[in-house]
Amino acid sequence: MPITKQTISLKSALTIAQTALECGKSNGFKPLAVVILDSGGHLKAYLADDETSLLRFNIAFGKAWGCLGMGFAGREFERRAAAQPQFINALQAMSDGKVVPVRGGVLIHSQSGQIIGAVGISGDNSANDELCAIHGIKAAGLIANHGDSE
C-alpha cells in the first residue's frame, strides 16, 4: 500500500488565515498578510488586511517557504542566521532570495506530529506576526511549531 503524505486542508488553511487576521486586529497590530503553504510548499491560502503594503506577500511567503524547506521554524532560523551568516547568505543565493529567516514563519503539524504545512505572516514586528500564526494554527485544532520547545 503506498504511503501518502498528509497535507493541510483548504478548510484548515482558511481557518488559520482568518483567525490570524482577527488576532492582529484585536491586538491593534499593523495590517497583516498571511500565507499558508501545504506540505509540498504550494500556496494553499493567502489573505491580507486592507492597506497591507506591497511586499508583505513575498515576505510572508518567504517565512513559510523557508521553514518548510529547512524543516525548522522562524525562531530557529533567527538563531542560525545569527550564528551562521555565511550559510544563510548561501541559502539566500540558492533560493533566489526567497528565504526570510525570522519569526513569523511557523510549521503546522497534524495531531500525529507530521508536518502538513507552514504559515508565514508579515505586517507587524516578527514576534507579533508569530503570535498571530500560532493563534490561527491552534484555532484550526493543529499543532504550531515556532522553533522552540516551549
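The values are calculated or read from the model by the stated rules, or taken from the named source; none is laboratory data. Every value quoted in this text rests on a predicted model; they were computed, and no experiment measured them. Virtual Cβ from ideal backbone geometry, glycine too; neighbours counted across all protein chains shown.
For this structure, a couple of remarks:
- Test for residue 77: is it in a loop (DSSP other than H, G, I, E, B) and aromatic (Phe, Trp, Tyr): no
- Selection status of residue 91, surrounded by fewer than 22 Cβ atoms within 10 Å (Cβ to Cβ) and over 16 Å from the mean Cα position of the chain (by Cα): yes
- Selection from the range 57-87 of residues that are touching a Phe, Trp or Tyr at 6+ places or on another chain (Cβ under 8 Å) and farther than 18 Å from residue 117 by Cβ: 80
- Any chance residue 44 is surrounded by 16 or more Cβ atoms within 10 Å (Cβ to Cβ), among the charged types (D, E, K, R), part of a strand (DSSP E or B) and at pLDDT 95 or above: yes
- Among (1) closer than 23 Å to residue 90 by Cα; (2) at pLDDT below 95; (3) surrounded by 14 or more Cβ atoms within 10 Å (Cβ to Cβ); (4) not basic (Lys, Arg), the one test that residue 62 misses: (2)
- Residue pairs meeting the criteria (Cβ under 6 Å; at least 6 apart or on separate chains; first touching a residue at least 24 places away in the same chain (Cβ under 8 Å) and acidic (Asp, Glu), in the range 44-68; second buried (at least 19 other Cβ atoms within 10 Å of the Cβ) and part of a loop (DSSP other than H, G, I, E, B)): 49/32
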